[in-house]
Amino acid sequence: MSKGDFVWCDLSAYRVDTAKAFYRKVFGWNYKPVAQLDGTPYHVAFARKGEAAAIFEMPEKFQKIGLPSFWMPYIAVDHIEDACAAAARRGGRIEIEPTAFSERDAIALIRDPLGAGFTVYEGTGLAPLKDYRKGHMAWRGLYVSDPHAVKDFYAAIFDWRFSQDPALPSAFRVCNALGVDVAEIVKVGEDLRGPHEFWGIHFAAGDLRKAKAAIEKHGGEIIFEDAHPEQPTVLAKDPGGAAFFVV
């Protein structure tokens with residue numbers, strides 16, 4: 001694991017049982033509940049090749065402000081306190097202060113200057129996938145109104161480097177300090193992304209046609225399709241309204 005790597009993702013949902021059933025049909029996930037620090041269940045999702053993600057009930061503080069259901073990426077840092085300080089200096093907001101969930105692991109929830117949320121992770125228990133696995137996180141993207149408004153923010157926290165995507169002038173490829181591609185930042189109009197700026201998780205489907213059918217059959221919605229010949233992608237919403245991508 002290197003600083004700036006994506007190591008995990010989870011879904012905050014209002015209807016946990018509905019979400020679990022939906023993603024089981026789409027990705028074949030099975031679940032094992034574990035207890036969070038406050039005792040509430042955290043449902044770890046398993047695909048064929050191990051832990052893939054998790055689903056849990058929307059925290060009460062976010063329910064009170066009407067935050068929509070959302071997928072959240074976890075990004076590795078060397079020192080969580082330093083990451084939060086850098087975020088605050090660059091116009092970010094610390095939603096959840098650094099919190100230990102084991103002797104060696106800690107997380108904090110941050111919003112960037114445009115409002116997109118992500119979790120920073122310090123520890124040794126999580127690591128990025130090294131290969132393409134059905135039902136697992138395959139990619140991630142930040143979908144915002146203005147990539148230039150947040151590039152320096154993320155560079156200050158994660159030492160990320162950015163390069164213009166030659167195939168998409170409105171997008172930037174993101175690599176970590178070792179030069180490995182880890183994400184993209186894409187300018188997207190409100191007509192497609194809605195009123196929120198957000199991090200989107202891309203999941204590997206194996207069979208995109210079957211995944212699309214399962215999404216629509218079990219209460220989801222197809223929002224957009226990119227028929228790129230090398231990497232077709234679908235943007236969808238689950239029954240709770242959380243956006244996610246399938247590749």
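Points to keep in mind about this one:
- Here the range 71-87 is the region considered, the condition is being among the hydrophobic types (A, V, I, L, M, F, W, C) and in a strand (DSSP E or B), and the residue that is surrounded by the fewest Cβ atoms within 10 Å (Cβ to Cβ) is 72.
- Contact map, the range 95-116: first residue under 16 Å from residue 81 (Cα atoms), second residue of a type in the set (Phe, Trp, Tyr) and exposed (fewer than 15 other Cβ atoms within 10 Å of the Cβ), Cβ cut-off under 7 Å, separation 6 or more or different chains; pairs are 107/101.
- Within this structure, residue 200 passes the test of being among the small types (Gly, Ala, Ser) and in contact with a helix residue (DSSP H, G or I) (Cβ under 9 Å, 6 or more places away or on another chain).
- Which numbered condition residue 181 fails, given (1) closer than 19 Å to residue 247 by Cα; (2) surrounded by 16 or more Cβ atoms within 10 Å (Cβ to Cβ); (3) not aromatic (Phe, Trp, Tyr): (2)
Each row is one residue, and each column tells you yes or no for (1) in a loop (DSSP other than H, G, I, E, B); (2) over 17 Å from the mean Cα position of the chain (by Cα); (3) modelled with pLDDT of 95 or more.
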site: 4; (1), (2), (3): yes, no, yes
site: 9; (1), (2), (3): no, no, yes
site: 17; (1), (2), (3): no, yes, yes
site: 22; (1), (2), (3): no, yes, yes
site: 25; (1), (2), (3): no, yes, yes
site: 32; (1), (2), (3): no, yes, yes
site: 38; (1), (2), (3): yes, yes, no
site: 43; (1), (2), (3): no, no, yes
site: 53; (1), (2), (3): no, no, yes
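- Cβ separations smaller than 8 Å between residues 6+ apart or across chains give the following pairs from the range 1-30 residues that are under 24 Å from residue 209 (Cα atoms) to residues that are among the polar types (S, T, N, Q) and surrounded by fewer than 23 Cβ atoms within 10 Å (Cβ to Cβ): 11/69; 19/69; 24/30.
- Listed by position, the strands (runs of 3 or more DSSP E) enclosed by the range 88-175 that each have at least 2 residues that are β-branched (Val, Ile, Thr) and surrounded by fewer than 19 Cβ atoms within 10 Å (Cβ to Cβ) are 93-100.
- Residue check for residue 223: under 23 Å from residue 150 (Cβ atoms), aliphatic (A, V, I, L, M), in contact with a helix residue (DSSP H, G or I) (Cβ under 6 Å, 6 or more places away or on another chain) and in contact (Cβ under 8 Å) with a residue 24 or more places away in the chain: no
- Checked against the criterion of being at pLDDT 95 or above, of a type in the set (Val, Ile, Thr) and closer than 30 Å to residue 79 by Cα, the candidates 215, 185 yield just one match: 185.
The values are calculated or read from the model by the stated rules, or taken from the named source; none is laboratory data. What you are looking at is a predicted structure, and each value in this text was computed from that prediction instead of being measured. Glycine also receives a Cβ, built like all others from the backbone with ideal geometry; neighbour counts cover every protein chain displayed.
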